[in-house]
Amino acid sequence: MPSGGFTSLRIDLIDMNIRNETLRGGLGLLAAVLAAAVGVTVGWIVFLEIPTTGPELVGVLLTIGLAGVAGRFGAAVVANALADYDVAEVAVEGPITRDGGRPSPIAASTGATADEIVETIDRADDDPSVDALLVTLNTPGGEVLPSDDIRRAVDRFDGVTIAHASDVCASGGYWIAAGCEEVWAHEASLVGSIGVRGSRPNASELADKLGIRYEEFAAGRFKEAGNPLSEIDDADREYLQGIVDDLYAQFVATVSEGRDLDPKDVRETEARVFLGPDAVDRGLVDDLGTSEDVESRLTERLGREQPVEIREFEPQRGLTDRLGVGVRAVAYAFGSGIAGVLAADDTAEVDLRTR
């Protein structure tokens, strides 16, 4: 192409940017004018024309309500028009659970439940500004069905999907990653653990020592197979192991299909985790790189001439949920503080040991 073609293309792009900036400015100005008009109108009605009858009061309340709805709608329109991002980043951190149960209350302030992550991915998919999804993973895994729910949300996302593992992307985390078009990791990342674990505590001997008798009333041979107060026999053990084996077969099939690997090769990993380079050699990871490398890859995949803009999408929590998380975090920190004071006391008066 002659050099003039490149000049023309560049001018066209500049003109397009100018038009976009003009459109954004116009929308912003229109929103400001509408907000000012609504504010003046509501102020006049409320402060100068005080309602004296029931219908007038209802009219004022309806006006204020409509003004609020119009304001939120206008803000959403302007936000979409002014969006300066084209990639949504959604984080999966900590144990993957349905209800957000975690080892300590303080962890609830950083992680998200599986349902919240699914909602966040769906919201990113509905955002007209988003053309790609970046799933960042730092998780040891978790429950099977919540992990698969997140993977399915990733799979139905309409656009480019890339998973990027940081410290750990294991078990349920890799189940999710296998649903992305590409998987990236750091050289020191731990990736894999393609396996399923189930457990059944046996407290029957403890019950005997405490004088607790367990009497079973159940219909169905294996209804009580998971009860920790009853002894497990060979038939129960075979039944429970069969459930674990079936889930493992689903895991292998999911990874095999998502990563285009032979199921035999997936099983030969024997639920081990691998460092980044080994994970690449086994086909579990496509490439190694930092966040900047993944950003460059997204720019390439989307065919952009300028680097993509990534925006982190977080779960939308109501005020009650946010207050609940804050209260749990404060309570946990308060308890930790008391324990720390007691542990740091170097006097002989404090002795928390049992004898």
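No value in this document is a laboratory result; all are computed from the given coordinates. Values in this document were obtained by computation on a predicted structure and should not be read as measured data. Backbone-built Cβ (ideal geometry, glycine too); neighbour counts: all protein chains shown.
Under 5 Å between amide hydrogens, which residues at least 5 positions from Ala112 or on another chain qualify, with H placed 1.01 Å from N in the peptide plane?
Those qualifying (amide H under 5 Å, at least 5 residues apart or on another chain) are Glu93.
Can you sort Val183, Val273 from fewest to most other Cβ atoms within 10 Å of each residue's own Cβ?
Taking fewest neighbouring Cβ atoms as first place, the list is Val273, Val183.
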